[in-house]
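> Sharing a structure here in structure tokens format.
The values are calculated or read from the model by the stated rules, or taken from the named source; none is laboratory data. Remember, predicted model here, so these are calculated numbers, not experimental data. Using ideal geometry, Cβ is built from the backbone for each residue, glycine included, and neighbour counts are taken over all protein chains shown. Keep in mind that these areas ignore ligands, DNA and RNA; they rest on the heavy atoms of the full protein, side chains included. Shrake-Rupley method; radii C 1.70, N 1.55, O 1.52, S 1.80 Å.
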Amino acid sequence: MSILIVSGFDPSGGAGFISDVRLAQTLGQRAVGAISALTVQDTRGVRQVQPVPAEVLREQLVTLLSDVEVGAAKLGMLGDEAAAEAIADALALTRAPVVWDPVISPSQGSAPLYLGDPGKAAQLLSPHVAVATPNVREAEALCGHRMQIADAEGMERAAREIAQQYGFAVLVTGGHLDGDEVVDVLATGNELLRFAAPRLPGASDVHGTGCALSTAIACELAGGADLSSACERAASALRDRLREPVRAGRGASSVM
Ligand code: PLP
């Protein structure tokens, strides 16, 4: 079976569609998919964002999913609300588990990667999403900026709130917080789990980590893993790659 990737296009290949497809292939999955938005960026940051016409995206995905069966899906950068709506409509054609990385801003550069209210995107996608994978800043945005997250307890509160509000599981990733350990928190309907691992030096400056984690979780789910094992195994695969990041240009290194 194939895995569906819907994400933005980073010409430098450090994040987005190119890196998602490359990682899925490395993890033994055959990728199919569509590009939600084009970006102008290099390894030093994002300069411009151009969502693709939503009707083209909808037609691409409806055509694809009417023909090809997928074992899981990964959604990354959406671009804008029209794209979120088109993707949500097309996802009605599959029952495969969907992993959503709710990308809002790049770690480098000032161009927003989602133009609109991320809460509305969450609402549109909620009937289809199995798990969302926000980092702490994205989790704050999905909570409507009603809380600031500074530690694992804050991550747990946010994960629970988002899971209750939208009805999907939530993995809040803690790589952007300080500390010797990186803690990720998974909230499902009735459970709260913490995953902790030693912080790898320099890893917080690597581009495309969120893209890679969500793609790896989708690959694990496609392979039949349950959600908590999928999150744990994906994080471990990502740590392996973060030990040897790729430096393709003069800016940030990337996962793949
Ligand atoms: N560009 C594209 C197309 C992306 O999908 C993403 C992240 O998902 C980024 C840039 C930003 O990546 P990062 O914040 O890891 O630098």
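> What number goes with the only condition from (1) in contact with a strand residue (DSSP E or B) (Cβ under 9 Å, 6 or more places away or on another chain); (2) within 16 Å of the ligand (Cβ to nearest atom) that D180 does not pass?
Result: D180 passes all but (2).
> Looking at region 104-156 only, could you name the residues that are β-branched (V, I, T) and out of contact with any Cys (no Cβ under 8 Å at 6 or more places or on another chain)? Even if it seems obvious, please write down each step before you answer.
In the first step, residues of region 104-156 are kept if they are β-branched (V, I, T); the result is 104, 129, 131, 133, 136, 149.
The answer is I104, V129, T133, V136, I149.
> OK, next. Answer with yes or no whether T173 is touching a helix residue (DSSP H, G or I) at 6+ places or on another chain (Cβ under 9 Å), closer than 28 Å to I18 by Cβ, without any contact (Cβ under 8 Å) to a residue 60 or more places away in the chain and of a type in the set (S, T, Y). Even if it seems obvious, please write down each step before you answer.
Details: touching a helix residue (DSSP H, G or I) at 6+ places or on another chain (Cβ under 9 Å): yes; closer than 28 Å to I18 by Cβ: yes; without any contact (Cβ under 8 Å) to a residue 60 or more places away in the chain: yes; of a type in the set (S, T, Y): yes.
Yes, satisfied.
> Can you spot a residue in region 126-136 that is open to solvent by 10 Å² or more (accessible area, probe 1.4 Å), closer than 18 Å to A54 by Cβ, touching a Ser or Thr at 6+ places or on another chain (Cβ under 7 Å) and within 16 Å of the ligand (Cβ to nearest atom)?
No, region 126-136 contains no residue that is open to solvent by 10 Å² or more (accessible area, probe 1.4 Å), closer than 18 Å to A54 by Cβ, touching a Ser or Thr at 6+ places or on another chain (Cβ under 7 Å) and within 16 Å of the ligand (Cβ to nearest atom).
> Which one of the conditions (1) within 14 Å of G16 (Cβ to Cβ); (2) more than 9 Å from the ligand (Cβ to nearest atom); (3) surrounded by fewer than 20 Cβ atoms within 10 Å (Cβ to Cβ) does Y114 fail to meet, given that it meets all the rest?
With (1) within 14 Å of G16 (Cβ to Cβ); (2) more than 9 Å from the ligand (Cβ to nearest atom); (3) surrounded by fewer than 20 Cβ atoms within 10 Å (Cβ to Cβ) applied to Y114, the lone miss is (3).
> For region 60-68, check the following and say yes or no: at least one residue is within 14 Å of the ligand (Cβ to nearest atom) and within 16 Å of S2 (Cα to Cα).
If we filter region 60-68 for residues that are within 14 Å of the ligand (Cβ to nearest atom), which is where we start, we get none.
Among the residues of region 60-68, not one is within 14 Å of the ligand (Cβ to nearest atom) and within 16 Å of S2 (Cα to Cα), which makes the answer no.
> Within region 187-213, can you find the residues that are open to solvent by less than 90 Å² (accessible area, probe 1.4 Å) and within 16 Å of the ligand (Cβ to nearest atom)?
Selection gives L200, G202, A203, S204, V206, H207, G208, T209, G210, C211, A212, L213.
> Next up: Scan region 1-11 residue by residue and report those that are over 18 Å from G79 (Cβ atoms) and surrounded by 19 or more Cβ atoms within 10 Å (Cβ to Cβ). Working first, answer last.
Applying the first criterion (over 18 Å from G79 (Cβ atoms)) to region 1-11 yields 1-3.
S2, I3, listed by residue number.
> A follow-up question, please. Considering only residues that are more than 14 Å from the ligand (Cβ to nearest atom) and over 23 Å from D67 (Cα atoms), which ones fall in region 9-38?
Correct list: T26, L27.
> Out of (1) open to solvent by 20 Å² or more (accessible area, probe 1.4 Å); (2) within 14 Å of the ligand (Cβ to nearest atom); (3) not acidic (D, E), the odd one out for A82 is which?
The number of the failed condition is (2).
Here's the yes/no breakdown for (1) modelled with pLDDT of 95 or more; (2) within 24 Å of S7 (Cβ to Cβ):
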site: A150; (1), (2): yes, no
site: Y166; (1), (2): yes, yes
site: T173; (1), (2): yes, yes
site: H176; (1), (2): no, yes
site: A203; (1), (2): no, yes
site: A216; (1), (2): yes, yes
site: A225; (1), (2): yes, yes
site: C231; (1), (2): yes, yes
site: A234; (1), (2): yes, yes
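> Also, quick follow-up: Considering region 126-146 alone, what residues qualify as being of a type in the set (G, A, S) and not in a helix (DSSP H, G or I)? Please lay out each step first, then the result.
Applying the first criterion (of a type in the set (G, A, S)) to region 126-146 yields 126, 130, 132, 139, 141, 144.
Answer for region 126-146, where residues must be of a type in the set (G, A, S) and not in a helix (DSSP H, G or I): S126, A130, A132, G144.
> Which of the residues spanning region 86-111 are away from the ligand (no atom under 11 Å from the Cβ), at pLDDT 95 or above and open to solvent by 20 Å² or more (accessible area, probe 1.4 Å)?
D89, A92, L93, T94, R95, P97, listed by residue number.
> Just name the residue that is nearest to N135 (Cα to Cα) out of those in region 76-121 that are in contact with a Ser or Thr (Cβ under 9 Å, 6 or more places away or on another chain) and among the hydroxyl-bearing types (S, T, Y).
The qualifying residue nearest to N135 (Cα to Cα) is S107.
> Identify the residue in region 32-45 that is among the aliphatic types (A, V, I, L, M) and open to solvent by 30 Å² or more (accessible area, probe 1.4 Å) and, among all such residues, is farthest from the chain's Cα centre (by Cα).
Filtering region 32-45 for residues that are among the aliphatic types (A, V, I, L, M) and open to solvent by 30 Å² or more (accessible area, probe 1.4 Å), the one farthest from the chain's Cα centre (by Cα) comes out as V40.
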